[in-house]
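Participant: Provided herewith is a single structure, encoded as structure tokens, for subsequent inquiry.
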Amino acid sequence: MKVVVDLTRCQGYAQCAFAAPDVFTIQGDEALLYDPAPDDAQREKIVRAAAACPVQAIALERYDRFGREEVRRPHQPPEAVAHAAAVSPEEAFKRNGRIVIVGASLAGLQAGRTLRRDGFTGSLTVIGDEPYPPYDRPPLSKQVLIGQASARATALPRRDEIDAHWRLGVPATGLDLRGKHVLLADGQTVGFDRLLIATGLRARPWPNEAEARLDGMFTVRTPDDVEGLRQALTAGPGRVLVIGAGFTGCEVASACRELDLAVTVVDRGPAPLTGALGAVIGGVAAEMMRGHGVDLRCGVQVAALEGDGDGRLRRARLSDGSTLDVDVAVAALGSIRNVEWLEGSGLAAGVWGVGCDAGCRAFDLNGVVTDDVFVAGDVARSPHPVYGYQFLALEHWGNAVAQAEIAAHNMISAQSERWPHLALPEFWSTQFGTEIKSVGVPTYADHVVIAQGSVVERRFVAVYGYRGRITAAVAFNQAKWLEFYERLIDRAAPFPPSFRTVDEPADRRPVAAEVPDGPTPQATVVVTGHRPSERRATLVRKTYL
Amino acid sequence: MSQDSVWEQILDYSSRADPFPLYAELRRTPVVRAQDGSYVVSTFQEIVALLGDPRLSSDPHNLPGYDAEAPAQASGEGPPGLPPSVIFIDPPEHDRIRRLLTRNFGPPHRPGRIDGMIPDLLEIVTSLIDDFAGKDRSGTRRVDIVDDFAYPFPVTVICRLLGVPREDEPRFHAWSEALIEAGDPTTGEFAERQRRRSTANADIGQYFARLLDARGEPGDDLLSGLVSGDGPEAPMPLKEVLANAALLLVAGHETTVNLIANGMLTLLRHPEVLDRLRRGDEPDLAVRVVEELLRYEPPVQFLENRFTLDDIEVAGTIIPRGSRVNLVLAAGSRDPADVPDPDRFDPDREHNEHLGFGGGIHYCFGAPLARPEAQIALTELARRLENPRLVADPPRYRPNPVLRGPRHLLVEFDGISPTRPASKRPTTLG
Ligand SMILES: Cc1cc2nc3c(=O)[nH]c(=O)nc-3n(C[C@H](O)[C@H](O)[C@H](O)COP(=O)(O)OP(=O)(O)OC[C@H]3O[C@@H](n4cnc5c(N)ncnc54)[C@H](O)[C@@H]3O)c2cc1C
Ligand code: HEM
Ligand code: SF4
């Protein structure tokens, strides 16, 4: 059977691991790893696990625990086309329209499910260039690398319910906005009334093509990538080199240590995870990595990779003049947005992704919003009121799900019924037995303070602030507190926090955040509402710094 | 009638059988101030938020002028004082104790412990039901689901888990009752009750101290694990072991009994669900029934030990620093703003995010045990009791408004079906 856990939602209560210990395992205090394709014999225990989850974060093949709003907005069965009485154009579209989704992964699947759940009965086509049905990526750099799950067994549950025409293994190669159709690589065209672009990202390859072709070089994005990497890791390499200490790089290094492999991580920045968390908390991550036996080298770059006569990777030359003997190297250099197929379409698509408004409607090249083309997931770039209306491109699981739901809702709603995508960015990373969770935009900060817990023990909540208001919070093994800070971000609560809490560190003094690029001056808004249907932003004039 | 008096009505014994209409009234004002000066929060979103709010402490020492331990220390007699248990302390101490307890209870160090107890649970339940046949009170076939089943079952289980001789039950029963009574807000003012709680806790602690003294080699039980324990933070200091063993013993006693008794009562009031459970062709039904019971008839109705470390705004009301806050879990789990059709007992509901075990860092430690206990108990009762009938509805309730449940639950039946042959018996549930 298939299992997926919404780890953005999970708070590490471990109830699942008690109920089905062969499927769900806890590392350290609260880091959950699970088998996404467990044996059917485990079914009873898994059902108990899903029922026991206090935050209902576990989705199974036939048991719907997916999506926060699933039952709160009760399913409305399509009304029978009774009389030819005037149906609104929106209603007619909902019944008989044609929707095409390009990108058959997390965002595409979630949008399809939402469309059907919310009563879209027209025709739905999902186009994906990968040969596989939608699968989940986060396990690829975690459970799969340590052998708890197989690379080809992370399929997402409940695809069948969508009742869509699936065109898998065929890339979309173009978009004709005027003719309203998508061009496919096999020469066919697929017409649409409304389109959802959800083509995500791909891994940025090692820039030197010859070196990138060396046997032993890997990137981490797809099952094929990870199947190869897993084989290389189990073959017992002398040393693994990870190039880039972002989340993917750190998780690969963690898996290597779990497998007791020697691993060197090289990053040109001052600390791991700096791009996401800033150098202060990145420094904590650095200590954690070193404590787990990783040879971490910051402020250094890989200058060249060398192979032997058979084209096998053998050595890496670093910018500080040193060399490393390595058999396996993982390029974890970030990502490239899959927008090439939109060239010439007239949409605002480029290296930044596909620009869209907070309602997920794509912009054209002139920056004018279109009405029938929507964008969601990793490929989207949309303004966020909480962050000074800056355009954010997020590469987070939870964002792909939440944005896809908003996009789907808006695709079948009249203008006045449309919702803004105002969810705060959230992500998690599981590494070195630690659950790192983040809410808000940690790099949108000038200061950071440890608000609760102990950095030495690596159990803490760090709160980020910008110009006197709270903009983000990051927890190491303290996920249960994060929702509290999420609400403070929504309310533009003052930074540094001055209230008294449990587990308050003796010295609660903010330090400079050391984030890559500080934000520009901005508006302050307050967001109210809990459910997507209720969330609204209001501009406020708080007298902050 | 003024809003403030709704809470006092809820506490009053006369509303014990059905407090839910009063909870609905209470929810109209999400935060009310009770006559004793504490605050009462009853709506789902607000309770969830407060369960995860670090400005709330579980340590009563944050109440101004709180001196629960003082008399015991001053008198210099009576049982030696014990530190407060995990439920009454804050991080980082709370988290350390909880990790040490978990190390001997569940993942990551003992992941299969509870799962491995499931055959045991079924065996205990089976033998208790077998004994019903001999319980011919007043000539009819009749049992008291509380005294003959729902109480002895979890007691036996917690004794096995902790490594406590089952036959000592009468000895600690009285202390356990005293502890439960100390948790009943109708029996006195909070600090005074905490003093009684400390005394009862210390009594149980002393019992455990003697038990540990008398034992030779440590066994595989939880208590032995705590005392001899391994790991970076182990072993747990003896006084902490005693204090928390007492909590586990009592929590293992006085909560699951209500879940099972409330459960049987609810099933008898919803015969169609009881029938489905008896037919046994929906393997997941018992799981869903128990989750729904935790929402619909929760054994712990409210938490009374939260204390504000700062002024906190909740739904437009400022709760000042140094206040005691009651979180009415039972009212929150039936909040129509978040739960569709909340007053319907509906095991088929999707996305059942109830508050039955609390939430946040103090989320019930014993939940992974209580759940399969109740699942197995209710499944077997449904399957084996032939034509069960309530003798009185509503039954007489225990006085306690927090740990709410029937004092007795008399059920008549026509016979006891044989247990399934061992070969057909599930290794798990089913
Ligand atoms: C190894 C790994 C670990 C991760 N771990 C975490 C984590 O711990 N926490 C977290 O929050 N997030 C994590 N993520 C990020 C998360 O998986 C992504 O945010 C999510 O997959 C985004 O979904 P998406 O549908 O928008 O894009 P994608 O998953 O990238 O899907 C886009 C799909 O579109 C297809 N496509 C592209 N171009 C075309 C075309 N022209 N025609 C047809 N199809 C096309 C692609 O092949 C792909 O199948 C991780 C990602 C990876 C790779
Ligand atoms: C149906 C049965 C049970 C219910 C409804 C229940 C309910 C609860 C609730 C609501 C809390 C939260 C208290 C708070 O936040 O202040 C709690 C805590 C606790 N429960 Fe249970 N409980 C049950 C069974 C058990 C069992 C069987 C055990 C022991 C094995 C147990 C041990 C504990 C402990 C130790 C705590 C304190 C945890 C902490 O503070 O971290 N409970 N329980
Ligand atoms: S929150 Fe749910 S999914 Fe996460 S560890 Fe707990 S039970 Fe498992």
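Participant: Have a look at A:Pro133, A:Pro139 and point out the one that is within 11 Å of ligand 1 (Cβ to nearest atom) and surrounded by fewer than 22 Cβ atoms within 10 Å (Cβ to Cβ).
Facilitator: Exactly one residue qualifies, and that residue is A:Pro133.
Participant: On to the next question. Could you check how many residues of segment A:414-459 are part of a strand (DSSP E or B), touching a Phe, Trp or Tyr at 6+ places or on another chain (Cβ under 7 Å) and of a type in the set (Asp, Glu)?
Facilitator: Looking only at that region, the number is 1.
Participant: Restricting the search to segment B:319-341, which residues are without any contact (Cβ under 8 Å) to a residue 40 or more places away in the chain and surrounded by 16 or more Cβ atoms within 10 Å (Cβ to Cβ)?
Facilitator: Within segment B:319-341, just B:Arg321 meets the criteria.
Participant: For the structure I just gave you, tell me whether B:Pro336 is within 11 Å of chain A (Cβ to nearest Cβ) and not hydrophobic (A, V, I, L, M, F, W, C). If you could, list the steps in order and put the result at the bottom.
Facilitator: Values: within 11 Å of chain A (Cβ to nearest Cβ): no; not hydrophobic (A, V, I, L, M, F, W, C): yes.
It is false that B:Pro336 is within 11 Å of chain A (Cβ to nearest Cβ) and not hydrophobic (A, V, I, L, M, F, W, C).
Participant: In segment B:139-146, is there at least one residue being β-branched (Val, Ile, Thr), closer than 30 Å to B:Gly219 by Cβ and surrounded by 21 or more Cβ atoms within 10 Å (Cβ to Cβ)?
Facilitator: Checked segment B:139-146: no residue is β-branched (Val, Ile, Thr), closer than 30 Å to B:Gly219 by Cβ and surrounded by 21 or more Cβ atoms within 10 Å (Cβ to Cβ).
Participant: Quickly run through segment B:350-365 and pick out the residues that are at the interface with another protein chain (Cβ under 8 Å from one of its Cβ atoms) and either among the small types (Gly, Ala, Ser) or crowded, with 23+ Cβ neighbours inside 10 Å (or both).
Facilitator: First, the residues of segment B:350-365 that are at the interface with another protein chain (Cβ under 8 Å from one of its Cβ atoms): B:350-353, B:357, B:359-361, B:363.
The answer is B:Phe357, B:Gly359, B:Gly360.
Participant: Quick one: in segment B:401-429, which of the residues that are within 14 Å of another protein chain (Cβ to nearest Cβ) and out of contact with any helix residue (DSSP H, G or I) (no Cβ under 6 Å at 6 or more places or on another chain) is modelled with the lowest pLDDT?
Facilitator: Filtering segment B:401-429 down to residues within 14 Å of another protein chain (Cβ to nearest Cβ) leaves B:425-429.
Among the residues that remain, those that are also out of contact with any helix residue (DSSP H, G or I) (no Cβ under 6 Å at 6 or more places or on another chain) are: B:425-427.
Numbers: B:Arg425: 53, B:Pro426: 51, B:Thr427: 47.
This residue is B:Thr427.
Participant: What are the residues in segment B:284-322 that are part of a loop (DSSP other than H, G, I, E, B) and touching a Leu at 6+ places or on another chain (Cβ under 8 Å), if any? Steps first, please.
Facilitator: So the first thing to find is which residues in segment B:284-322 are part of a loop (DSSP other than H, G, I, E, B), and the list is B:284, B:297-299, B:301-302, B:309-311, B:315-316, B:320-322.
Residues satisfying the conditions are B:Glu297, B:Pro298, B:Pro299, B:Gln301, B:Phe302, B:Leu309, B:Arg321, B:Gly322.
Participant: I've got another one for you. Out of the residues in segment A:239-254 that are buried (at least 24 other Cβ atoms within 10 Å of the Cβ) and in a helix (DSSP H, G or I), which is farthest from ligand 1 (Cβ to nearest atom)?
Facilitator: The residue in question is A:Ala253.
Participant: Go through segment B:21-57 and give me each residue that's within 14 Å of chain A (Cβ to nearest Cβ) and assigned to a helix (DSSP H, G or I).
Facilitator: B:Phe44, B:Gln45, B:Glu46, B:Ile47, B:Val48, B:Ala49, B:Leu50, B:Leu51
Participant: To continue, here is another question. Go through segment A:375-401 and give me each residue that's outside any strand (DSSP E or B), within 13 Å of ligand 1 (Cβ to nearest atom) and buried (at least 24 other Cβ atoms within 10 Å of the Cβ).
Facilitator: Selection gives A:Ala376, A:Gly377, A:Asp378, A:Val379, A:Asn399, A:Ala400, A:Val401.
Participant: OK, next. Among the residues that make up segment B:346-369, is at least one of them of a type in the set (Asp, Glu), touching a residue at least 24 places away in the same chain (Cβ under 8 Å) and closer than 19 Å to A:Phe18 by Cβ?
Facilitator: There is no residue in segment B:346-369 that is of a type in the set (Asp, Glu), touching a residue at least 24 places away in the same chain (Cβ under 8 Å) and closer than 19 Å to A:Phe18 by Cβ.
Participant: Only one residue in B:Leu303, B:Leu294, B:Leu248, B:Leu265 is under 25 Å from B:Leu410 (Cβ atoms), away from chain A (no Cβ under 14 Å) and at pLDDT 95 or above. Which one?
Facilitator: Only one candidate qualifies: B:Leu265.
Participant: Determine whether B:Pro347 is within 11 Å of chain A (Cβ to nearest Cβ), more than 14 Å from the chain's Cα centre (by Cα), modelled with pLDDT of 95 or more and buried (at least 21 other Cβ atoms within 10 Å of the Cβ).
Facilitator: yes
Participant: So, one more: Name the single residue, out of those in segment A:88-107 being within 10 Å of ligand 1 (Cβ to nearest atom) and part of a helix (DSSP H, G or I), that is nearest to the other protein chains (Cβ to nearest Cβ).
Facilitator: Looking at the filtered set, the residue picked out is A:Leu106.
Participant: Name the single residue that is surrounded by the fewest Cβ atoms within 10 Å (Cβ to Cβ) among those in segment A:13-24 being at the interface with chain B (Cβ under 10 Å from one of its Cβ atoms) and either more than 10 Å from ligand 3 (Cβ to nearest atom) or in a loop (DSSP other than H, G, I, E, B) (or both). Spell out the reasoning first.
Facilitator: Pass one, segment A:13-24, residues at the interface with chain B (Cβ under 10 Å from one of its Cβ atoms): A:13-22, A:24.
With either more than 10 Å from ligand 3 (Cβ to nearest atom) or in a loop (DSSP other than H, G, I, E, B) (or both) added as a condition, the list becomes A:13-14, A:20-22.
Details: A:Tyr13: 26, A:Ala14: 25, A:Ala20: 28, A:Pro21: 23, A:Asp22: 16.
Filtering segment A:13-24 for residues that are at the interface with chain B (Cβ under 10 Å from one of its Cβ atoms) and either more than 10 Å from ligand 3 (Cβ to nearest atom) or in a loop (DSSP other than H, G, I, E, B) (or both), the one surrounded by the fewest Cβ atoms within 10 Å (Cβ to Cβ) comes out as A:Asp22.
Every residue, every condition in (1) buried (at least 20 other Cβ atoms within 10 Å of the Cβ); (2) farther than 21 Å from B:Gly358 by Cβ, yes or no:
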{"residue": "B:Ala243", "(1), (2)": "yes, no"}
{"residue": "B:Ala286", "(1), (2)": "yes, yes"}
{"residue": "B:Glu297", "(1), (2)": "yes, no"}
{"residue": "B:Leu303", "(1), (2)": "yes, no"}
{"residue": "B:Arg306", "(1), (2)": "yes, no"}
{"residue": "B:Asp311", "(1), (2)": "no, yes"}
{"residue": "B:Thr317", "(1), (2)": "no, yes"}
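The values are calculated or read from the model by the stated rules, or taken from the named source; none is laboratory data. This structure is a prediction, so every number in the text was calculated from the model and none was measured. Cβ atoms come from the backbone with ideal geometry, glycine included; neighbour counts cover every protein chain shown.
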